[in-house]
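Here, each number is a calculation from the coordinates, and none is a lab measurement. What you see is a predicted model, and the numbers here were worked out from it, not measured in a lab. Counting neighbours? That spans all protein chains shown, and the Cβs are built from the backbone with ideal geometry, glycine included.
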Amino acid sequence: MPIRVMIAEDERLAREELHYLLQQEADVELLPHATNGRELLEMVEAHQPDVVFLDIKMPELEGAQAARMLASRKQQPLIVFSTAYEDYAVEAFKLNAVDYLLKPTEPKRLTETLQRVRERLEKSKAEAAQPATQPASPAVSVPGKLPKLLVEENNRLEVIDPASIVYAVREERIVRIVTQKKFFTTKMTLTQLEEKLQSYDFFRTHKSYLVNLQYVSALEPWFNGAYNLTVKGDGQIRIPVSRTMVKELLKRLEG
């Protein structure tokens, strides 16, 4: 089966260059192209491509926005981002793009990208062919359980095991995530982080603190009905527990 490819690119020369390179591939079927984000959404609906080579910066509706909208479709195409700017690599990764190509497109990089596309399509085809009654593989994550947490820091994505997080604290406009071995900073709000970690044993002890209950070692009264919570670690770190949260915390700790 040919790979049905659509190009979404508003710059004519860049579009024609990519079109020429893709024409050299025997298993690629080129569909009509789109020149802006809104047109892309219409074209995808009409032609059902397997993969879209998408320019991140486009008029009317930017490529990144269009990609988010395509991700909500039941039959969503694979996305390969194409851009002249390196700064969008993190965003492309967040949007689960197959690859990220820099303009002008290098033939060797395009070959690598197409191989990734083929592998992804083959994997999807194999998964679709599995009987519905087939038991899940032990390697598959528990439904709803976030396997890894991705945190953007210094223009790169750090991959964190949620179970290794001891606590997180809001410090002015950032949130500091403290694990057993190091700490990370993120622009996520503490509420956003709490939502991502809801399938783990985390508890909001205070408006500025989110704690992994697996690391709690002690509770001690402080003043006016509030408590201090101690977590395991070299520094015997103490975390405030607001008086309104003490009762619920004790219930959680007792199971």
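Mean separation of Cα pairs under 8 Å and 6 or more residues apart, divided by the residue count, gives the chain a relative contact order of 9 percent. Under a 5 Å amide H cut-off, with hydrogens placed 1.01 Å from N, W222 pairs with Y227, N228 among residues at least 5 apart or on other chains. Model label sites at M1 and E220, defined 7 Å from Cα along the beta-carbon direction, differ in position by 6.4 nm. Separation of the range 1-43 from the range 145-199 is 38 Å, based on Cα centroids. Taking Cα centre as origin and charging only the Cβ of basic (Lys, Arg, +1) and acidic (Asp, Glu, -1) residues, the dipole magnitude of the range 149-253 rounds to 240 debye.
Cβ crowding within 10 Å, taken as a proxy for footprinting-reagent exposure, orders D99, D161 from fewest neighbours to most as D161, D99.
Note on the range 1-113: Cα-only Rg and Dmax are 12.6, 35 Å. Dipole magnitude for the chain: about 1380 debye, using +1 per Lys or Arg Cβ and -1 per Asp or Glu Cβ, origin at the Cα centre.
Positive end of the dipole of the range 3-127 (Cβ unit charges, origin at the Cα centre): among V52, A34, L121, the Cα lying farthest that way belongs to L121. Work out the charge dipole of the chain with +1 on the Cβ of Lys and Arg and -1 on the Cβ of Asp and Glu about the Cα centre, then indicate which of G63, P77, Y200 is farthest towards its positive end. In the chain, that residue is Y200. The trypsin sites (Lys or Arg not before Pro) of the range 1-74 meeting both criteria, a DSSP state outside H, G, I, E and B (loop) and at most 12 other C-beta atoms within 10 angstrom of the site's C-beta, are R73, K74. The relative contact order of the range 149-253, computed from alpha carbon pairs under 8 Å that lie at least 6 residues apart in sequence, is 18 percent.
Computed over the range 3-127, relative contact order equals 21 percent, with contacts defined as Cα pairs under 8 Å that lie 6+ residues apart. Estimated purely from DSSP H runs of n ≥ 4, each contributing -39500 (n - 2.57), the mean residue ellipticity at 222 nm for the chain is -9500 deg cm²/dmol once divided by its residues. For chymotrypsin sites (Phe, Trp or Tyr not before Pro), the sites in the range 211-255 that DSSP calls loop and that have at most 16 other Cβ atoms within 10 Å are W222, F223. For the chain, give the share of DSSP beta bridges that are antiparallel, in percent and rounded to the nearest 5; count only bridges with both residues there. Here the antiparallel bridges make up roughly 65 percent for the chain. Comparing the chain with the 2.2 N^0.38 Å rule of thumb, its C-alpha radius of gyration ratio is 1.31 (two decimals).
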